[in-house]
Amino acid sequence: MSARLALPAGFGPPRLVVDAAHPARRLAALALGPGMAAAGALAVGVLVACGPGEVTASEEAVAAQAPSGAPAPGPASFAEARDAAFALASGGAPPEEVRRALLAAHALDPAAYGVNVRLGQVCAELGLHAEAAAAFEQALAARPDDPASRLALVQARLAAYGTSGPAPGSGREPGAAGSDTGSAGGAAGSDTGVTPNGAADPLAALTALVESLPAELPAASRAEAHAELGRVRLRAGQFEAARAQFAAALGLAPADTGALKGLADASYRLGDPAAGEHWQEVLELVLALRDNLFTSTRLDGPEAAAEQAEAAERSEYVRREQQAQRARLLRLTQIHPAFGEAALQLAELQAAAGETAAACATVRAWDALHGAGATAAERQRLLERYCR
């Protein structure tokens, strides 16, 4: 089928437009000529249908029809795509919609730091942990010294392993050769490593990445990374390596309950029930003391103290808990002195009971273990309060 049209005055020659959604269909559109452009108020288009074999056009011919002022792909186009994606993210758009917009900007500049960070965040929110890790790796490539990107990469890699990691003994890990989750982002120790028995350690690269976290990051964040790696190794049946990771976590955050539980589990599985019982007791004591406003002795202001006293008057259970607090604190300072908060709470109880010498001794013991991590002003304040 074909058709010929007599063009009205003011129309230019037909221009060919290929409908990408229906490649077999060809449409010829009549372009407005200069005479019609002056009218401005009315646009007239006439479509001529042609048979599938009668009209052809190359990509170059179609591209040649673009307006001469159209911006070429480049930084301006990337900036528009990036800004549109960021506006969606800031405006609370659905995460999948934000991800699509970020991917469009990423296609224009795969090395853009900000786009990769936002893309990694939204992918992590969607549970696409391998994709998130790849984005954070590219962000880290742009800014190798960025601690936040390194932490985000570690968290994504650990999450990816947790959702798609190999069965114990498979010898593969996300990010290792032959897997689908990318590289270790330039972290040291990208070789496979070996286990104590000489076999290849499939978690060596992930371990090196966790251990590469810079000290400037919050201790709690680094501790959680070690604890999560410990859980990964525990699931893989690597109990000694798991115990080492849990111990590293406790070195950074002595009251991390996940690390305490992991140490107890790993110790039992290693056939060390004494150590297992020890860490189980520490865990139970920490849980009993943690964030308990009705038993804590270090309260923020008189209102909190009044609330605690009122609770004891109303509840026999709270009263018994407060009475048991001193025994728990004393025990915790004996079996887990690394948890300095227990010593400070105990010193407050001792001072309140008029046991000035005992309170001073407790604070001096705390200072010997934890003073290096406190400010000079804090150390002086504690010593003046309990040892005057």
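From the square roots a ≥ b ≥ c of the eigenvalues of the alpha-carbon gyration tensor of segment 291-386, which class results: rounded (a/c under 1.5), prolate (a/b over b/c), or oblate? Prolate shape, in that a/c is at least 1.5 and a/b is the bigger ratio. Summing charges over neighbours of Ser221, with a neighbour being any other residue whose Cβ is under 13 Å away from its Cβ, gives -2 when K and R count +1 and D and E count -1. Residue separation of Arg314 and Arg388 scaled by 0.36 nm, minus their Cα-Cα distance, works out to 23.1 nm of gained length.
Summing charges over all other residues whose Cβ lies under 14 Å from the Cβ of Leu119, with Lys and Arg as +1 and Asp and Glu as -1, gives -2.
Normalised by the number of residues in segment 291-386, the average gap of Cα pairs under 8 Å and 6 or more apart makes the relative contact order 20 percent.
For Cys387, Cys360, Cys123, what's the fewest-to-most ordering of other Cβ within 10 Å of each Cβ?
Ordered from fewest to most neighbouring Cβ atoms within 10 Å, Cys387, Cys360, Cys123 come out as Cys387, Cys360, Cys123.
Just so you know, all these numbers are worked out from the coordinates, no wet-lab data involved. Note that the coordinates shown come from a computational prediction; the quantities given were computed from them, not determined experimentally. Please note: Cβ atoms are built from the backbone with ideal geometry, for glycine as well, and neighbour counts cover all protein chains shown.
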